[in-house]
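Notes to accompany the following structure.
The values are calculated or read from the model by the stated rules, or taken from the named source; none is laboratory data. Remember, predicted model here, so these are calculated numbers, not experimental data. Heads up, the Cβs are rebuilt from the backbone with ideal geometry, glycines too, and the neighbour counts pull from every protein chain shown. The area values use the complete protein model at the heavy-atom level, side chains included, leaving out ligands, DNA and RNA. Shrake-Rupley method; radii C 1.70, N 1.55, O 1.52, S 1.80 Å.
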Number of protein chains: 2
Amino acid sequence: MRLLSNEEVATVLDWPSVIEELRKLYQEVGSGISVSTPRTDLHHPGPPSPDGSPTAHYLKAMGGGFVGGGVAALRLSSDRVRFVSNPSGLRRVKDPVRPGRWLGLILLFDLHTGELVAVLPDGVIQRMRVGATNALADDYLARPEIETVAVFGSGDQAEAHLQALASVRSFDRVRVWSPTPEHRGRFAARMQERLERPVEAADTPEAAVAGADLLMTATNSRQGFVPVAWIRPGLHLSTLQRDELTPAAIQAVDRLVVHTQLWEVNATSAGLPWVEGRLLRDHPESASVAWEGYPTLGDLVAGRAPGRQRGEEVTAFVNNIGLGAQFAAVAGLAWRRCRELGLGRELDPEWFLQAMHP
Amino acid sequence: MRLLSNEEVATVLDWPSVIEELRKLYQEVGSGISVSTPRTDLHHPGPPSPDGSPTAHYLKAMGGGFVGGGVAALRLSSDRVRFVSNPSGLRRVKDPVRPGRWLGLILLFDLHTGELVAVLPDGVIQRMRVGATNALADDYLARPEIETVAVFGSGDQAEAHLQALASVRSFDRVRVWSPTPEHRGRFAARMQERLERPVEAADTPEAAVAGADLLMTATNSRQGFVPVAWIRPGLHLSTLQRDELTPAAIQAVDRLVVHTQLWEVNATSAGLPWVEGRLLRDHPESASVAWEGYPTLGDLVAGRAPGRQRGEEVTAFVNNIGLGAQFAAVAGLAWRRCRELGLGRELDPEWFLQAMHP
């Protein structure tokens, strides 16, 4: 049993390999060979926080397998969540478990023996699987030749998606917008150096999107902010969650693909009515979209749904929610490579086995 | 972070404490304070077995919390499953992960800090939580004075339920029936010594059930075997799974309580059509029962549904499926007691934390 660190995982993973591993995975997903269980979200009341705001414990779990990789994974996180009122409603803050420390784990099992073969933190893999999944979808939906990429958001996920995109498309320039000038400025400087091409911070959302061939959104917005007015022929939209396109923009897209039709299952303690209320209203706009009518990334990669057909089509990929199988594929790749290199801490596998028959 | 063994868990748990901990838990369950997520079952194809029978990897997970105990738990198991044909259909065999070793774990989290505080094997707790849950239900549903207990099944679960029952009811004698004379004989001898009262092996099912005040079933049967003919006024039926009562017997019961209305969620690979077929037909009879009309154990313990009202009533408890919250309550109790006694192996909690913000 190998215990890996984020540093070790980052050492062995590169964008092209992760994207190709996911391409193999989504072949399986589209043909029903790889399956996942719905993400389960469990909330119970926590102690009052020093600032008086209510808190909750949030235990999240999702499972999935990748037959080609010979592994199944269970990804789980245990978070202390605090709900802080601000003018636009309740904002959710994840407090650390210990100062500067969070708890997110991937348990990796060998499909052949059933053994627990690795325990990995989910940080690096979480970001890479999201960025790589969107880039994989972009590869089927964006025009082969694109010049200008607009990025909304300047956080880690925006960075991950933009880096991943560079593995499937060449592009000439990037324009980034996020509300805080300092954040978008830093993002532009960092990504210009990394991508070795012009990345500029835009002064307005409209300036970022003007003339873009691909618009990627990586924000925490719970309200659609991409209006129909931004949509022009040939544009590809690639979002990291389900609330970023306005319902009108969704209607204006010619070809929309969602990540999956497997949605989360919530269990919220009656001791947390405010959390329940928030969760129920969590996706107020996107809850009204008939997502079940759209094909999935698995359909796309397995050839059961067509990708882009014409240059002037408007396409979109909505990464509505994650899949446990993504963790099986990416953590499986990291585990194999770490094992080859002798990376990680070996723990006695007997610690996690028992003599009692189930 | 404390790593515990089955031996340590068994040392610190006793039936009365486990039953009382579960009584507190079901008060929370009945009022919606403690919640659980549906059990998720994930099946992917495994390698062909030496005897040629198809195999699967089965990853199972279930989560739940217990606010009074300050903990949430995720219980998971990773099993190698082989389907063997026999005259009555496919029989499921769980093969060990390593010779004589199985993988079932409980991860226990502190609701206040979010930290992973313990990892426990699920063997001892699995058996105790089932037996104690049925005994708790029996305490609300069986007549206060009972004399004869009939037991169907001679495995570990039958033993656990019978031992747990002895904590909530005194009774004078036990009659056990299971198909193999040697098994029921050994069970009778063992339990007679342990319970210090007569336990006899019956020659026929009818001889076991004749004159019984309480009939407990702990079998693997996938077809109801308790007919209406066995039901007499005042009888209490207590089953460890959903398939043991015939639909007609269910109809003949005056007051029936189920464990929970939270059913499992299946995800089965298309690479396993035979497993999918089997799973869909897994509970052919009980699938036709309108379980959703019955109150749950939480309703009963929280006073939202009445227990037995009259001596001649026929009552039944059907332990249809487990709840993650049971593992939170029982593992939480074991963890607190092991901590007090200094039992278990301390692991560095930093191994399971990361610096990356989720």
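Has the range A:206-216 got any residue that is touching a Phe, Trp or Tyr at 6+ places or on another chain (Cβ under 6 Å) and closer than 18 Å to A:Ala158 by Cα? Yes; the residues of the range A:206-216 include at least one that is touching a Phe, Trp or Tyr at 6+ places or on another chain (Cβ under 6 Å) and closer than 18 Å to A:Ala158 by Cα.
Specify the residue that is modelled with the lowest pLDDT; the eligible residues are those in the range B:271-320 that are surrounded by fewer than 15 Cβ atoms within 10 Å (Cβ to Cβ) and among the aliphatic types (A, V, I, L, M). Checking each candidate, the answer is B:Leu280. Checking every residue in the range B:43-61 against the condition of being within 15 Å of B:Arg129 (Cα to Cα) and either under 17 Å from the mean Cα position of the chain (by Cα) or touching a residue at least 60 places away in the same chain (Cβ under 8 Å) (or both) gives zero matches.
For A:Asn220, the conditions (1) among the polar types (S, T, N, Q); (2) surrounded by fewer than 19 Cβ atoms within 10 Å (Cβ to Cβ); (3) within 18 Å of A:Glu313 (Cβ to Cβ) all hold with the exception of (3).
Of all residues in the range A:206-217, those being open to solvent by less than 30 Å² (accessible area, probe 1.4 Å) and outside any loop (DSSP other than H, G, I, E, B) number 6.
Restricting attention to the range B:43-80 and to residues that are assigned to a loop (DSSP other than H, G, I, E, B) and either at pLDDT 95 or above or within 20 Å of B:Leu120 (Cβ to Cβ) (or both), the residue that is nearest to the other protein chains (Cβ to nearest Cβ) turns out to be B:Val67.
Exactly one residue out of A:Arg98, A:Arg75, A:Arg80, A:Arg92 is open to solvent by 50 Å² or more (accessible area, probe 1.4 Å) and within 30 Å of A:Thr296 (Cα to Cα): that is A:Arg92. When the residues of the range A:321-344 are filtered to those that are of a type in the set (Gly, Ala, Ser) and farther than 20 Å from A:Gln241 by Cα, the one that is most open to solvent (accessible area, probe 1.4 Å) is A:Gly342. Within the range A:302-315, residues that are without any contact (Cβ under 8 Å) to a residue 60 or more places away in the chain have Cβ atoms under 9 Å from residues that are open to solvent by 70 Å² or more (accessible area, probe 1.4 Å) and in a loop (DSSP other than H, G, I, E, B) in these pairs: A:Gln309/A:Asp254; A:Arg310/A:Asp254, counting only partners at least 6 apart in sequence or on another chain. Whether a residue is loosely packed, with under 13 Cβ neighbours inside 10 Å and assigned by TED's automatic domain parsing to the domain that holds A:Leu237 was assessed, and A:Asp203 passes this test. Checking each residue in the range B:17-42 for being at the interface with chain A (Cβ under 8 Å from one of its Cβ atoms) and touching a strand residue (DSSP E or B) at 6+ places or on another chain (Cβ under 7 Å) picks out B:Ser34, B:Val35, B:Ser36, B:Thr37, B:Pro38, B:Thr40, B:Asp41, B:Leu42. A count restricted to the range B:6-28 and to residues that are open to solvent by less than 50 Å² (accessible area, probe 1.4 Å), out of contact with any helix residue (DSSP H, G or I) (no Cβ under 6 Å at 6 or more places or on another chain) and under 21 Å from B:Gln163 (Cβ atoms) stands at 1.
Within the range B:204-245, restricting attention to residues that are among the acidic types (Asp, Glu) and touching a strand residue (DSSP E or B) at 6+ places or on another chain (Cβ under 8 Å), the residue that is farthest from B:Pro144 (Cα to Cα) is B:Glu244. Within the range A:1-16, the set of residues being touching a strand residue (DSSP E or B) at 6+ places or on another chain (Cβ under 7 Å) and either part of a loop (DSSP other than H, G, I, E, B) or acidic (Asp, Glu) (or both) comprises A:Met1, A:Leu4, A:Ser5.
Among the residues in the range B:73-85, are any more than 24 Å from A:Ala61 (Cα to Cα), polar (S, T, N, Q) and over 18 Å from the mean Cα position of the chain (by Cα)?
yes
Taken over the range B:218-240, the criterion of being in a loop (DSSP other than H, G, I, E, B) and farther than 25 Å from B:Arg129 by Cα is satisfied by B:Pro227, B:Ile231, B:Arg232, B:Pro233, B:Gly234. Exactly one residue out of B:Ala229, B:Ala249 is assigned by TED's automatic domain parsing to the domain that holds B:Arg308, open to solvent by 20 Å² or more (accessible area, probe 1.4 Å) and either small (Gly, Ala, Ser) or touching a residue at least 60 places away in the same chain (Cβ under 8 Å) (or both), and it is B:Ala229.
Only one entry of B:Ser36, B:Ser31 meets the criterion of being of a type in the set (S, T, N, Q), more than 30 Å from B:Val84 (Cβ to Cβ), in contact with a helix residue (DSSP H, G or I) (Cβ under 7 Å, 6 or more places away or on another chain) and open to solvent by 10 Å² or more (accessible area, probe 1.4 Å), and that entry is B:Ser36. The strands (runs of 3 or more DSSP E) falling completely within the range A:247-358 that include 2 or more residues that are within 14 Å of chain B (Cβ to nearest Cβ) and within 20 Å of the chain's Cα centre (by Cα) map to A:265-268. As a summary of the residue check, A:Asp243 satisfies the conditions (1) of a type in the set (D, E, K, R); (2) in a loop (DSSP other than H, G, I, E, B); (3) modelled with pLDDT of 95 or more except for the one numbered (3). Going through (1) over 20 Å from the mean Cα position of the chain (by Cα); (2) within 30 Å of A:Val67 (Cα to Cα); (3) not hydroxyl-bearing (Ser, Thr, Tyr) one by one, B:Val67 falls short only on (2).
Please pick out the residue among A:Ala118, A:Ala142 that is open to solvent by less than 40 Å² (accessible area, probe 1.4 Å), within 30 Å of A:Ala207 (Cα to Cα), out of contact with any Pro (no Cβ under 8 Å at 6 or more places or on another chain) and at pLDDT 95 or above. Matching residue, one of A:Ala118, A:Ala142: A:Ala142.
Considering B:Phe109, B:Phe66, which residue is within 25 Å of B:His161 (Cβ to Cβ), assigned by TED's automatic domain parsing to the domain that holds B:Val9 and in contact with a Ser or Thr (Cβ under 9 Å, 6 or more places away or on another chain)? Before the answer, list the steps.
Details: B:Phe109 fails: within 25 Å of B:His161 (Cβ to Cβ).
Answer to the selection: B:Phe66.
Under the condition of being more than 24 Å from the chain's Cα centre (by Cα) and in a strand (DSSP E or B), the residues counted in the range A:189-205 number 1.
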